[in-house]
Amino acid sequence: MEKDLITKMIELAIEQLRFSYTPYSGFKVGAALLTKSGKIYTGCNIENAAYTPTNCAERTAFFKAVSEGEREFQAICVVGGKDGVLTDYAAPCGVCRQVMMEFCDPQQFQIILATAADHYDVYTLQELLPQGFGPANLNEN
Ligand code: THU
């Protein structure tokens, strides 16, 4: 991926931190999801007093995109930290990795983890979810 595009995604993910709704954990997460056509959908985490309805930033971005007709994705950038301070990478939780598995080719889809526009690493979904179970597993072998 082009470095300028990665920088843009990181900046958009960081911008999302201000919308993150986290009265319980204080852990703020922002995401920027890139479609194959080049459009970017953003997302933040949204917590809930009943805890389990909490939605992660990554899933917010995916569900926004899918609900608008998108099905094909290139990459997602994720940033996060306590009180929105980005000290370490915030890697996607297992549930979010599984949602990525539904729509993305694990060998192609890229996950950008960042703490700043100039500090990031890029992983494939395959690396973060080895032996993942996805739609292909339900097809005839
Ligand atoms: N969180 C995310 O938004 N994405 C992840 O992949 C990890 C966890 C959120 C959920 C919750 O609001 C807070 O971080 C602490 O778990």
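Read-outs throughout are calculated quantities, based only on the coordinates presented, and are distinct from any laboratory measurement. Given the structure is predicted, the values throughout are model-derived calculations rather than measurements. Virtual Cβ from ideal backbone geometry, glycine too; neighbours counted across all protein chains shown.
Key figures for this structure:
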| read-out | value |
| --- | --- |
| Lone unmet requirement of (1) under 23 Å from Gln126 (Cβ atoms); (2) crowded, with 20+ Cβ neighbours inside 10 Å; (3) within 10 Å of the ligand (Cβ to nearest atom) for Phe73 | (3) |
| Flag for Leu86 being touching a residue at least 24 places away in the same chain (Cβ under 8 Å) and within 16 Å of the ligand (Cβ to nearest atom) | yes |
| Evaluation of Tyr21 against (1) away from the ligand (no atom under 13 Å from the Cβ); (2) farther than 20 Å from Ile111 by Cα; (3) aromatic (Phe, Trp, Tyr) (one fails), failing number | (1) |
